[in-house]
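J.: Starting off with a structure, shown below.
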Amino acid sequence: MHPWNEPLLESLKDRAGRLPHALLIHGVQGVGKLALAEKIAQFLLCEAKDAARKPCGACEGCRWYAGGNHPDFRRLEPEALAPQPDAAAQEEEEGEAPARRGRPSLEIKIAQVRELADFLNIGSHRGGLRVALVHPAEEMNVNAANALLKALEEPPAGAVFLLVSHRPARLLPTIRSRCVALPVAIPAKEVALQWLSAQGLPDAERWLAYAGGAPLRVLHYAGKAAVIERMLSAPSAVEDRDELELLAEALQKSALDRAFAALGGEAKYRTGAPPASRGRAKAWLAYARRLGKDRPLCRHPLNPKLFSADLIAAMPDEVTS
């Protein structure tokens, strides 16, 4: 767990006997929500007698959890985020090459929620709580969300749900209403920079600005810095879906920086984009809003090259006198 989220865990420890059956852990992407949820799960499954020591890391429950095979813990996430089995190891175990598959699913499907229901409706193996972690919760498809809602409305005794969400507004209102919200804020800039410095990242302050203050996003961008710089300086159509998401994000942040600078503000994301003329600030803001709507579509385009070309072609022109 990350240091800026430790007070949140301590606040939950203080009301350990009065925790709700469902927590909605939400905030922008890159602030450590998943690591916090994992630590909360370990806290709930820890078998130490002294509550102040939980999670102790030494009891049988903590050892099961650390090994990734605690019988009273389940994790729901899209196939694309789940660890993929090594192809060579799978071939050796099964005696044949695994069948070729398409791209892993980006959704949490109803079959996964049904398996969770089977898990929740049996007794605890360790005599304690059963914990289900759903991440990111907004990636449940409609059927999966409705199935989970039923479990939240009639929770089995001893079951705790931990929902992690980057965009809670995309969840069903009825799901949100049955959870206690636990907001995770962006850490103070000094705290984030100190942590990034310990990771040995170059130009951390610039990339922290580009990440909107979310430290874990900086780690993501660090491995793609050259690609992002190219997209900011000379955007062009891309053929890869992963790069398409990066391009849409770069175009949106560049548009916002242009508009902010034109209106007398600071370039929030430090993209290096030249300021728009004051009369075009509104057009750049409208373009940024359009990109905000288009960014989720970047994950499912029929043709990434055509889609990215359309995003670039929609950029406002700067009128010169």
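The values are calculated or read from the model by the stated rules, or taken from the named source; none is laboratory data. Values in this document were obtained by computation on a predicted structure and should not be read as measured data. Quick reminder, even Gly has a Cβ in these numbers, built from the backbone with ideal geometry, and neighbours come from all protein chains shown. With ligands, DNA and RNA removed, areas are computed over all heavy atoms of the protein, side chains included. Shrake-Rupley method; radii C 1.70, N 1.55, O 1.52, S 1.80 Å.
J.: Checking the condition part of a loop (DSSP other than H, G, I, E, B) and more than 25 Å from LYS33 (Cβ to Cβ), which residue from LEU311, LEU302, LEU232 passes?
T.: Working: LEU311 fails: part of a loop (DSSP other than H, G, I, E, B); LEU232 fails: part of a loop (DSSP other than H, G, I, E, B).
Answer to the check: LEU302.
J.: Could you please find all residues in segment 158-196 being in a strand (DSSP E or B), open to solvent by less than 30 Å² (accessible area, probe 1.4 Å) and either modelled with pLDDT under 95 or among the β-branched types (Val, Ile, Thr) (or both)?
T.: Restricting attention to segment 158-196, the residues satisfying the condition of being in a strand (DSSP E or B) are 159-165, 180-183.
With open to solvent by less than 30 Å² (accessible area, probe 1.4 Å) added as a condition, the list becomes 159-165, 182.
Within segment 158-196, ALA159, VAL160, VAL164 meet the criteria.
J.: Quick one: would you say LEU44 is more than 30 Å from LYS189 (Cβ to Cβ), touching a Lys or Arg at 6+ places or on another chain (Cβ under 9 Å), at pLDDT below 95 and not basic (Lys, Arg)? Write out each step before concluding.
T.: Working: more than 30 Å from LYS189 (Cβ to Cβ): yes; touching a Lys or Arg at 6+ places or on another chain (Cβ under 9 Å): yes; at pLDDT below 95: yes; not basic (Lys, Arg): yes.
So LEU44 fits the description; yes.
J.: Looking at segment 121-145 only, could you name the residues that are open to solvent by 80 Å² or more (accessible area, probe 1.4 Å) and either in a strand (DSSP E or B) or farther than 29 Å from ALA48 by Cβ (or both)?
T.: Here is the first cut: in segment 121-145, the ones open to solvent by 80 Å² or more (accessible area, probe 1.4 Å) are 121-122, 125-126, 142-143.
Answer for segment 121-145, where residues must be open to solvent by 80 Å² or more (accessible area, probe 1.4 Å) and either in a strand (DSSP E or B) or farther than 29 Å from ALA48 by Cβ (or both): VAL142, ASN143.
J.: Output the qualifying pairs, or none if there are none: Cβ atoms under 8 angstrom, residues six or more apart or on different chains, first residue in segment 158-176 and over 12 Å from LEU24 (Cβ atoms) and in contact (Cβ under 8 Å) with a residue 12 or more places away in the chain, second residue hydrophobic (A, V, I, L, M, F, W, C) and part of a strand (DSSP E or B).
T.: Short answer, once both residue conditions are applied: ALA159/VAL131; ALA159/ALA132; VAL160/ALA22; VAL160/LEU23; VAL160/VAL131; VAL160/ALA132.
J.: Let me ask something additional. Is there any pair linking a residue in segment 1-30 that is under 25 Å from PRO156 (Cβ atoms) and of a type outside the set (Phe, Trp, Tyr) to one that is open to solvent by 70 Å² or more (accessible area, probe 1.4 Å) and assigned to a helix (DSSP H, G or I), with Cβ under 7 Å and at least six apart or on different chains, and which?
T.: As it stands, the answer is LEU24/ARG176, since those pairs meet every condition given.
J.: Could you tell me which residue of segment 241-277 is farthest from GLY212 (Cα to Cα), considering only residues that are acidic (Asp, Glu) and open to solvent by less than 70 Å² (accessible area, probe 1.4 Å)?
T.: Selected residue: GLU243.
J.: Checking CYS298 against (1) at pLDDT below 95; (2) open to solvent by 60 Å² or more (accessible area, probe 1.4 Å): exactly one of these is not met. Which one?
T.: CYS298 satisfies every listed condition except (2).
J.: Identify, please: which residue in segment 46-79 is among the aliphatic types (A, V, I, L, M) and within 14 Å of LEU12 (Cα to Cα) and is, among those, least open to solvent (accessible area, probe 1.4 Å)? Let's see the steps before the verdict.
T.: Within segment 46-79, the first condition is being among the aliphatic types (A, V, I, L, M), and the residues that meet it are 48, 51-52, 58, 66, 76.
Still in the running and within 14 Å of LEU12 (Cα to Cα): 51-52.
Values: ALA51: 56, ALA52: 82 Å².
Ranking the candidates gives ALA51 first.
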